[in-house]
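The values are calculated or read from the model by the stated rules, or taken from the named source; none is laboratory data. It should be emphasised that the depicted structure is a prediction, and the values quoted were computed from it without experimental measurement. Here the Cβ positions follow ideal geometry from the backbone for every residue, glycine too, while neighbour counts run over all protein chains shown.
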Amino acid sequence: MQSAHLAIDLGASSGRAMLGLLDGEPLQLKLEEVHRFEHHACTVPTGIVWNLTGIWRQILHGLAAGAARCKELGVELTSIGVDCWGVDFVLVGAGGEVLGLPHCYRDARNEPASDRVVERVGGEEALYARTGIQRMPFNTVFQLEALRAAEPAQLDAASRLLFLPDLFHYWLSGEQATERTIASTGALLDVQSGEWDLGLMGLLDLPSGILGPIIDPGTQVGSLRDALADETGAPRGLKVIAPASHDTASAIAAAPVTDAGAPWAYLSSGTWSLLGAELSQPCSTEAACRAPFTNERGVDGTIRFLKNIAGLWLVQELRREYTDAGQDYSFAKLVELAEAAEPFRTLINPNDARLAAPGAMTPRVAELAAAAGQPAPETPGQFVRCCLESLALCYAQTADRLAGFTGSPIERLHVVGGGTQNKLLNAMTAGALNCQVLTGPTEATAIGNALVQAMGCGAIADLAELRQVVARSEPVEAATPIGAKDDWRQARERFETLSS
Ligand code: LFR
């Protein structure tokens, strides 16, 4: 065995510990799930917060399970690294103490804060020109303003801002560092240099001293604290290596691209759908701001030029609403009902801001449909079909806009992540887009996480080799389109009248 890497992959409602075993000549990766858990954002009087110590406990369970599995296999655990959703953070004091619970990015307090920040910096385009980040109300720069308004004492006491994966790396190793891909989600970096935009902090009267050293993905943060090694049975001195700590960056790193020459795009599909291209230089023009596309940082100095699309969040919230009402549909059942429902009955703009907050989804979807003069969905199948078709059309629209920036039509879309299990959505995506749609790996985030750790250990040279390993290790399927080309064309014309 060449090496064994434990990828802790945190999603917005669940987390997993995945053991990545790297072996063979040429190298191949075998991935095993050793621990999985659910977690829930909690509503408290001050907003929606994450269950920080609950997640931490589960990370330790994952570490113990990974260590035990390695012993069983007779291999040495080489490293551990954490990836997580973007933008959310904690402030810590001089003694390393966490000053308050991290707020969930869907907290309503961010919206008005984002207006105040945009006004202060002279408009949305001025902010974009500096940071190259798509305006989303939850960007860390807006969350900091919301925090300043609601909990100013925290900012006064803060000595460091840590994004959630940075915090877990700190708790694992005792060392504080900020990883670049996760930092880039916050709209706090200078788009050109990839370093903190200290001028922006000044402009917003935010203390720039809370921004610490930035490290690149694959950098060792430190070694596992002895007390944790003893508690979990993990080897003493285990390397704690920052992967691409932003989950989307890890997922895109694991796109199984072997001929990078042909124009390809990616769709990281899960709670969110992130569709874009990999660029070598940022693109922060006014047109990119309007599109809008974001310039997040990726592995090996790449730029993730992508758009945030609502994603399977819509279906997850529908499901939660039905469950709360006593109708217990599995995700697979909802997709099956959608498949049987009438095509193209109702289309919505999946990115409408009214759909972003947690809560009952059916009234909001019905409201959007009514406003657009369309029949409101009535059955679960109709609601889910409406969401999936609207997502596929939004993917097609975004791919076309993307081609306008990259200068050549997309020939191939790599769909990666948990959303690839939704075969109906894959088929709709292939129907709506005019290019080849390849799906897999499903576990892209954990694979990217583990392999960037391997890069950090010197087992893999660079991103190109990393992707060769993925392509060798994981099956990739071509999606078969559903629906007639003409129907998709007409639906797309309808969709264009709805979306911004
Ligand atoms: C996906 C993701 C997106 C980010 C959103 C909020 O899980 O990380 O990339 O925009 O969550 O953090």
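List of remarks:
- Leading residue by the ranking (surrounded by the fewest Cβ atoms within 10 Å (Cβ to Cβ)) among those in segment 253-270 that are hydrophobic (A, V, I, L, M, F, W, C) and in contact with an Asp or Glu (Cβ under 7 Å, 6 or more places away or on another chain): 262
- Between 67, 7, the distinction of being assigned by TED's automatic domain parsing to the domain that holds residue 145, within 16 Å of the ligand (Cβ to nearest atom) and buried (at least 18 other Cβ atoms within 10 Å of the Cβ) belongs to 7 only.
- Residue 359 touching a helix residue (DSSP H, G or I) at 6+ places or on another chain (Cβ under 8 Å), more than 28 Å from residue 48 (Cβ to Cβ) and either in contact (Cβ under 8 Å) with a residue 12 or more places away in the chain or in a helix (DSSP H, G or I) (or both): no
- The set of residues in segment 405-422 that are in contact (Cβ under 8 Å) with a residue 12 or more places away in the chain and not β-branched (Val, Ile, Thr) comprises 405, 408, 409, 411, 412, 413, 414, 417, 418, 419, 421, 422.
- Scoring residue 285 on the criteria (1) among the β-branched types (Val, Ile, Thr); (2) buried (at least 20 other Cβ atoms within 10 Å of the Cβ); (3) more than 13 Å from the ligand (Cβ to nearest atom) leaves a single failure, condition (2).
- Any hit, segment 99-112, residues being in a helix (DSSP H, G or I), in contact with a Ser or Thr (Cβ under 7 Å, 6 or more places away or on another chain) and modelled with pLDDT of 95 or more: no
- So residue 372, is it in the same structural domain as residue 429 (by TED's automatic domain parsing), in contact with a Leu (Cβ under 8 Å, 6 or more places away or on another chain) and exposed (fewer than 15 other Cβ atoms within 10 Å of the Cβ): yes
- Here residue 449 clears all of (1) touching a strand residue (DSSP E or B) at 6+ places or on another chain (Cβ under 9 Å); (2) assigned to a helix (DSSP H, G or I); (3) surrounded by fewer than 24 Cβ atoms within 10 Å (Cβ to Cβ) except the condition numbered (3).
- Screening segment 200-252 for residues that are within 16 Å of the ligand (Cβ to nearest atom) and β-branched (Val, Ile, Thr) and picking the one that is nearest to residue 90 (Cα to Cα) gives 248.
- Test result for residue 318, more than 12 Å from the ligand (Cβ to nearest atom) and in contact with a Phe, Trp or Tyr (Cβ under 8 Å, 6 or more places away or on another chain): yes
- Selection status of residue 257, of a type in the set (Val, Ile, Thr) and away from the ligand (no atom under 16 Å from the Cβ): yes
- Residue in segment 77-108 that is surrounded by the fewest Cβ atoms within 10 Å (Cβ to Cβ), counting only those that are within 16 Å of the ligand (Cβ to nearest atom) and either of a type in the set (D, E, K, R) or at positive phi (or both): 106
- Verdict on residue 179 being within 16 Å of the ligand (Cβ to nearest atom) and not assigned by TED's automatic domain parsing to the domain that holds residue 164: no
- Picking from residues in segment 116-141 that are within 16 Å of the ligand (Cβ to nearest atom) and closer than 17 Å to residue 198 by Cα, the one that is surrounded by the fewest Cβ atoms within 10 Å (Cβ to Cβ) is 140.
- In a residue-by-residue description of segment 205-212, the property of being in contact with an Asp or Glu (Cβ under 8 Å, 6 or more places away or on another chain) and among the β-branched types (Val, Ile, Thr) applies to no position.
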